[in-house]
Each structure stands twice: as structure tokens, then as C-alpha cells.
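Take a look at the structure set out below.
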Amino acid sequence: RINSYKKNTTFNKISREWVTEAIKNKYMYNWKWFDRPIIQLPNDIIAYGELIQEIKPDIIIETGIAHGGSIIFSASILTMLESCGLIKNGKVLGIDIDIRKYNKKIIKAHPLSKKITMFEGSSISANMIEKVKKFAKKSKNIMLMLDSNHSHDHVLAELEAYGSLVSKNNYCVVFDTTIEYLPKKTFPNRNWDKGNNPKTAVDKFLSTHKEFKIDTEIN
């Protein structure tokens with residue numbers, strides 16, 4: 001059924017039109033996880049949660065924290081996996097160039113905070129890259145999730161910096177590749193657009209990193 005969607009032009013057309021309208025109406029801002037705004041489309045975050053359950057990573061590295069909904073989501077899935085005896089000591093590392101004091105305070109006070117570490121600073125700075133690699137050094141099953149600045153250059157720099165940390169048969173999840181399929185100037189006040197976004201960065205990265213491939217079942 002899922003594979004059939006690739007050839008369903010009507011479904012794909014309607015889906016892209018719907019996403020365009022959803023963005024215009026800030027639909028992704030409607031959702032929370034454990035009372036924190038998650039700023040994701042529900043189908044995306046459910047697919048992401050299924051990956052975590054399938055892969056069972058011992059660490060998830062996420063760029064982009066915002067209000068903390070996503071790192072708390074990851075921490076909650078890891079906690080459930082632990083309660084089932086499927087992993088031990090799972091942890092989440094969140095990186096953001098600006099973690100606002102209010103959000104940091106709430107995340108640190110959250111019941112799942114013991115699973116979460118936060119680093120503040122640019123994800124592509126030399127100091128941060130070194131710090132992240134040191135933090136993840138002893139981890140054996142690493143998943144990567146990129147959801148910070150969506151410009152081509154930034155995402156490509158993150159992929160080059162952290163791609164090598166991703167464990168074999170694990171995932172690097174790059175959010176917002178859909179920007180490439182949206183009308184131009186959908187984000188007029190941002191430094192990304194059609195032709196300059198996570199999808200173009202992924203395509204460039206894959207052209208020189210044959211050890212990665214796209215899982216086309218996840219759309």
C-alpha cells in the first residue's frame with residue numbers, strides 16, 4: 001500500500017496542496033507532546049517515532065530544539081523502549097543556537113529531563129562539532145535528526161559534520177525536505193526557499209556519500 005503512493009499522482013498532488021495550505025495556516029503549531037509545542041506535522045512525527053522504535057538507538061542527536069517538543073518526544077519513546085527491556089540508558093542530545101531561558105527552564109523541569117542534554121551554540125561551529133563527537137563517543141547505536149536552519153548550506157554542513165556519527169543500518173532524518181516541492185516564497189522571511197533547502201542539501205550530500213541511501217518507503 002505504501003509503495004503504491006509513489007505512482008498515485010492524484011494523491012501526491014493533493015498532499016502537496018494540503019501541505020502548502022497547512023504551512024500558510026501554521027497547522028504544525030497546533031500540536032504538543034507532553035505539554036510542549038512540537039511544531040511538526042503529525043504524520044511526520046509518527047513516522048519518526050516508528051523509526052525510533054524500529055532502530056532502538058542508544059542516543060539520538062537532534063539539531064534544533066525550539067520549545068522542546070521534539071526532544072521530549074524522542075526521550076519518551078526511548079523511555080518506553082527501556083521500560084520494555086529493549087534498550088538501556090537511552091539519551092537525547094539537543095543542539096540549538098539559541099535556547100531561550102523560558103524553554104530551557106521548562107525542559108529541565110520536565111519529568112523526562114534526565115534523558116535530555118542540551119548544548120547551546122551553532123551546530124556547525126568547530127567547537128560544537130567537537131563537543132558533540134566527544135559526547136557521542138561511547139555510543140554504539142546513533143540516530144541523527146536535523147531540524148534547525150533549513151538553508152542548503154547549513155543543512156549540508158550539518159550532514160558533513162555529523163553524518164559519520166550515524167551507525168550502520170540507522171537513520172539520519174532530515175526534516176523539511178518538502179520545501180523543495182512548495183511554491184516559491186512560501187517562507188518570505190526565511191533564508192531558505194525552493195532550490196535552497198534541506199532536500200537540495202540531501203541530494204548534494206548523497207552525490208558524494210554512497211554509504212547513505214534514501215528510504216523511499218517513508219514519504
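The values are calculated or read from the model by the stated rules, or taken from the named source; none is laboratory data. From a predicted model like this one, the values you see are computed outputs, not experimental measurements. Counting neighbours? That spans all protein chains shown, and the Cβs are built from the backbone with ideal geometry, glycine included. Remember, those area values only see protein heavy atoms, side chains included, never the ligands or the DNA or RNA. Shrake-Rupley method; radii C 1.70, N 1.55, O 1.52, S 1.80 Å.
Of all residues in region 112-132, those satisfying the criterion of being free of Cβ contacts under 8 Å to residues at least 40 places away in the same chain, within 18 Å of the chain's Cα centre (by Cα) and at negative phi are Thr117, Phe119, Glu120, Ser122, Ile124, Met128, Ile129. Contact map, region 10-35: first residue touching a residue at least 40 places away in the same chain (Cβ under 8 Å), second residue β-branched (Val, Ile, Thr), Cβ cut-off under 7 Å, separation 6 or more or different chains; pairs are Val19/Thr178; Thr20/Thr186; Ile23/Thr186; Trp33/Ile72; Phe34/Ile72. Of all residues in region 185-218, those satisfying the criterion of being free of Cβ contacts under 8 Å to residues at least 60 places away in the same chain, among the hydrophobic types (A, V, I, L, M, F, W, C) and surrounded by fewer than 16 Cβ atoms within 10 Å (Cβ to Cβ) are Leu206, Phe212, Ile214. Return the residue satisfying two criteria in turn: it lies in region 76-97 and is in contact (Cβ under 8 Å) with a residue 24 or more places away in the chain and of a type outside the set (A, V, I, L, M, F, W, C), and of such residues it is surrounded by the most Cβ atoms within 10 Å (Cβ to Cβ). This residue is Gly94. Considering region 174-184, the residues that are in contact (Cβ under 8 Å) with a residue 40 or more places away in the chain and crowded, with 16+ Cβ neighbours inside 10 Å include one that is farthest from His209 (Cα to Cα), namely Leu182. Could we say that Met145 is in contact with a helix residue (DSSP H, G or I) (Cβ under 9 Å, 6 or more places away or on another chain) and open to solvent by 10 Å² or more (accessible area, probe 1.4 Å) here? So Met145 fails the test. Looking across region 24-41, the residues that are of a type outside the set (S, T, N, Q), open to solvent by 90 Å² or more (accessible area, probe 1.4 Å) and either in a helix (DSSP H, G or I) or touching a Phe, Trp or Tyr at 6+ places or on another chain (Cβ under 6 Å) (or both) come down to Lys24, Tyr29.
Scanning region 143-172 for residues that are of a type in the set (A, V, I, L, M) and either under 19 Å from Val19 (Cα atoms) or in a helix (DSSP H, G or I) (or both) yields a total of 6. Report whether or not Tyr171 is of a type in the set (Phe, Trp, Tyr) and either open to solvent by 20 Å² or more (accessible area, probe 1.4 Å) or at pLDDT below 95 (or both). Yes: the conditions hold for Tyr171.
Can you tell me which of (1) over 18 Å from the mean Cα position of the chain (by Cα); (2) of a type in the set (A, V, I, L, M, F, W, C); (3) farther than 24 Å from Asp58 by Cα is the one Phe135 doesn't meet? Against the list (1) over 18 Å from the mean Cα position of the chain (by Cα); (2) of a type in the set (A, V, I, L, M, F, W, C); (3) farther than 24 Å from Asp58 by Cα, Phe135 comes up short only on (3).
Quick grid of which residues meet (1) open to solvent by 60 Å² or more (accessible area, probe 1.4 Å); (2) touching a helix residue (DSSP H, G or I) at 6+ places or on another chain (Cβ under 9 Å):
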position	(1), (2)
Arg1	yes, no
Ser15	no, yes
Ala22	no, yes
Asn43	yes, no
Gln53	yes, yes
Ile65	no, yes
Ser70	no, yes
Ser74	no, yes
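So is Lys133 assigned to a helix (DSSP H, G or I) and either under 27 Å from Gln53 (Cβ atoms) or hydroxyl-bearing (Ser, Thr, Tyr) (or both) or not? Judged against the criteria, Lys133 is a match.
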